[in-house]
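Read the figures in this text as sums done on the coordinates, not as results from a lab. The shown structure was predicted, so the numbers you read here are calculated from the model rather than taken from an experiment. Virtual Cβ from ideal backbone geometry, glycine too; neighbours counted across all protein chains shown.
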Amino acid sequence: MDTIPYVRERVIVQGEHGLMLVDASPEIRLNRAREPQWRRWLMDRLISEGRVLLRDAINGGAEFCHISPTTARRYLAKMLSSEGPLYVLEETWVAVKPDHWAHLAEQPDQEKKQ
């Protein structure tokens, strides 16, 4: 299993007396590394296969990226939102929204840089 190197990272949080700058927790640092990895994995599968079973998007991605299925489900929920690039097809498949394919063609490396 790969390790996430420690890099001091600061985040802004709402404190009792206003906004505060604090060190990011290990969970936040791990999430910032794993979410882009999971998104790349899923988009690569969608580009090559056209659609992916919903359960594979969750469980396969969780296995590949060493995250929990609950975390993968949260990542997927973001991508399935009205602002996201994906939709559920026939209740069992995940696919790229038709209007998003043009965006992928214009910037093929964009997902890989995230």
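Remarks
- Net charge dipole, the stretch 34-113: roughly 300 debye, given to the nearest 20, about the Cα centre with Cβ charges of +1 for Lys and Arg and -1 for Asp and Glu.
- Built amide H within the under 5 Å cut-off of residue 93, gap 5+: 54
- Local electrostatic count, residue 93, Cβ distance below 11 Å [Lys/Arg +1, Asp/Glu -1]: -2
- Placing unit charges on each Cβ (+1 for Lys and Arg, -1 for Asp and Glu) gives the stretch 34-113 a dipole about its Cα centre, and among 77, 67, 42 the Cα reaching farthest toward its positive end belongs to 67.
- The stretch 34-113, relative contact order [Cα under 8 Å, separation at least 6], %: 32 percent
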